[in-house]
1. Protein chains only, probe 1.4 Å: how do Met118, Met94 rank by accessible area, largest first?
2. Please give the solvent-accessible surface of Tyr125 in Å², to the nearest 10, using a probe radius of 1.4 Å with every protein chain present.
3. From the phi angles alone, apply the Karplus equation (6.51, -1.76, 1.60; θ = phi - 60°) to segment 83-93 and give each ³J(HN,Hα) in whole Hz, x where the residue is Gly or Pro.
4. What is the local net charge at Gln124, summed over the other residues whose Cβ is closer than 14 Å to its Cβ (Lys, Arg +1; Asp, Glu -1)?
5. Could you give the length gained by full extension between Ser24 and Asp131, i.e. 0.36 nm per residue of separation minus their alpha carbon distance, to one decimal place?
6. Need the full-extension length gain, Thr166 to Ala69, defined as separation in residues times 0.36 nm minus the C-alpha distance. One decimal, nm.
7. Going by accessible area, probe 1.4 Å, with all protein chains left in place, what is the ranking of Leu43, Leu20, largest first?
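The values are calculated or read from the model by the stated rules, or taken from the named source; none is laboratory data. The structure presented is a predicted model; accordingly, all values stated were derived computationally and were not measured. Backbone-built Cβ (ideal geometry, glycine too); neighbour counts: all protein chains shown. Heavy atoms of the whole protein, side chains included, go into the accessibility calculation; ligands, DNA and RNA do not. Shrake-Rupley method; radii C 1.70, N 1.55, O 1.52, S 1.80 Å.
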Amino acid sequence: VASTAVIVAAAPGVARANALQLFSTPHAAGVPVAIAAGPGGVLWFTDNGPYNELTDSGGPGGIDQISTAGHFGHQFVGAGAGAGSIAQGPDGRMWFPGAGVQPDVGAISAAGVASTFMTTSTPQYIAAGPDGRMWFTEFTPTNGGPAVGPDMIGAITTSGTLSEYTVPNTASNVT
């Protein structure tokens, strides 16, 4: 059974009945998480792949493309799997917080070329900043115990120069 990604398509300022369109994801049991407009007039979304609640584990997942007409484009399996957000950067690439074993931020081009950049703690959400950098929240997983590091706000240039800022309130949760 396939999951369903939801795309709402309507002309600006025009109210229409039945404007909601549903599209099945390209992978069986896919779990679409975040969506953003990207280069070429397509939407990009993160897909966590099949998720097993009993083992708290997912499948390959990745980053997918869909047009507003519901046509799926490239599927970049493995890239950005598990990412909770995605945003277009000033360089035209789609940026996402990594969700793998290593804490990182990734970027993927329209051609599917992916790059990753290491961070200090686990990135969660990402957005393009007015200064030309990509900004993201970071937290340090506690794994049920005390935090092993501070929560942070990170910023990265499109060439990979990383800046991280510790959130002053140690009881914060920046996610």
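1. Numbers: Met118 105, Met94 0 Å².
Solvent-accessible surface, decreasing: Met118, Met94.
2. Answer for Tyr125: close to 110 Å² accessible.
3. 5, x, 7, 7, 8, 7, x, x, 8, x, 7
4. Details: positive: none; negative: Asp104, Glu138, Asp151, Glu164.
That works out to -4.
5. Result for the pair: 34.8 nm of gain on full extension.
6. Length gained between Thr166 and Ala69: 30.7 nm.
7. Heavy-atom accessible area, descending, gives Leu20, Leu43.
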